[in-house]
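In what follows, a structure is listed as structure tokens, so that the remarks can point back to it.
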Amino acid sequence: METPVQTEPKKSNKGLIIGVVIAVILALCCCCLAIIGAVGAAGMFPLRSATSFPTPAFDFDFETPDPDSFDAPSSNQLVPEGGRGDLLLRTDTWGFVMIASATFDCSDYPSAADTTITITQQPDSLGIWEEEWTVPCDDGSEQSFDVTFTPSEGGGTDISVKAGE
């Protein structure tokens, strides 16, 4: 009779494999959290100057438009003079007034040089003031617009443009 040979049971590496998998998953999670944290922290601090970044060089080949090919204002003055606002505020207001004049079929390209600005109300205790902007129309008439300037809570000035009476 033969004697049965006892073999040792195979050792399982199952625990080792599970441990390695868990370690890898934890390492990936930590890396992801670190990256998310770094991106979040970078987003909390605004850039101080855009000039610190190199400006990309673009080489666009545009043809210069022929000035006679469209009906543009003939004056070199781009923004009306006068009123209480500085150049930036007058430029913003002029954009709104130009849209309003086109809406009222007054002029597609009103002349900034021929537009007059009259202060109709000095700033009150809240800093609100009003002006009347009078724009020459294509048919020779004029259209006035009542413009109200209100200091904004967040800084700057809110502009309201309404057709004058």
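The values are calculated or read from the model by the stated rules, or taken from the named source; none is laboratory data. All of these numbers come straight from a predicted model, not from anything done at the bench. Cβ: placed from backbone, ideal geometry, glycine included. Neighbour counts: every protein chain shown.
A search for C-beta distances below 7 Å between a residue of the range 125-143 that is within 17 Å of A102 (Cα to Cα) and any residue that is of a type in the set (A, V, I, L, M) and at pLDDT 90 or above, counting only pairs 6+ apart in sequence or on different chains, returns W133/V97; W133/I117; W133/V147; V135/V97; E142/V135; Q143/V135. If the condition is being closer than 17 Å to E165 by Cα and among the polar types (S, T, N, Q), then the range 116-141 contributes T116, T118, T120, Q121, T134, S141. When you check D68 against the structure, is it assigned to a helix (DSSP H, G or I), at pLDDT below 90 and either within 22 Å of the chain's Cα centre (by Cα) or within 23 Å of D108 (Cβ to Cβ) (or both), yes or no? So D68 fits the description; yes.
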